[in-house]
């Protein structure tokens with residue numbers, strides 16, 4: 001007797017986005033920690049218009065503590081005093097976003113190379129290594145990890161995210 005159930009192809013069912021992006025995000029989360037990754041992902045909501053010219057770069061917690069960290073911001077040249085004036089508000093927003101007193105102070109580095117308000121076509125530029133050369137290996141890894149994603153806009157957004165946090 002034959003099986004009356006239709007044969008289903010494995011690749012045709014819907015998959016959770018988290019399952020598709022885990023390969024891209026997991027290495028960065030191990031390297032930088034979950035709190036910083038969460039802050040980077042929500043940075044446009046946290047910083048408002050300032051997200052165009054500043055970006056969280058690092059977070060340092062006091063010894064044996066997971067609260068009251070120092071958040072290091074990479075800021076466009078000339079914007080340091082402005083972000084310094086906003087520091088208390090940014091700390092409050094970060095803590096509200098995280099749900100606990102994650103950050104108590106900001107450290108400002110004026111080393112952000114270009115404003116983040118570039119057109120979408122320029123934001124998908126490949127990651128650069130220290131010498132300014134294209135990091136083709138990292139880009140190839142991101143493209144391979146997102147190869148199964150059919151939506152080109154989603155795929156490009158995931159590649160940009162991988163470049164930002166990688």
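Since every read-out is calculated from the coordinates, none of them should be taken as a lab result. Remember, predicted model here, so these are calculated numbers, not experimental data. Backbone-built Cβ (ideal geometry, glycine too); neighbour counts: all protein chains shown.
For the pair the stretch 54-70 and the stretch 88-114, the centres of their Cα atoms are 9 angstrom apart.
Starting from the Cα-Cα distance between residue 113 and residue 20, subtract it from 0.36 nm times their residue separation and give me the gain in nm to one decimal. Mind dumping the intermediate values first?
Numbers: separation 93, 0.36 × 93 = 33.48 nm, distance 3.05 nm.
Result: 30.4 nm gained on full extension.
For the stretch 17-117, the square roots a ≥ b ≥ c of the C-alpha gyration tensor eigenvalues yield an a/c of 1.5 or more together with a/b not exceeding b/c, which makes the shape oblate. Highest mean packing comes first when the peptides 153-159, 142-148 are listed by Cβ atoms within 10 Å, giving 153-159, 142-148.
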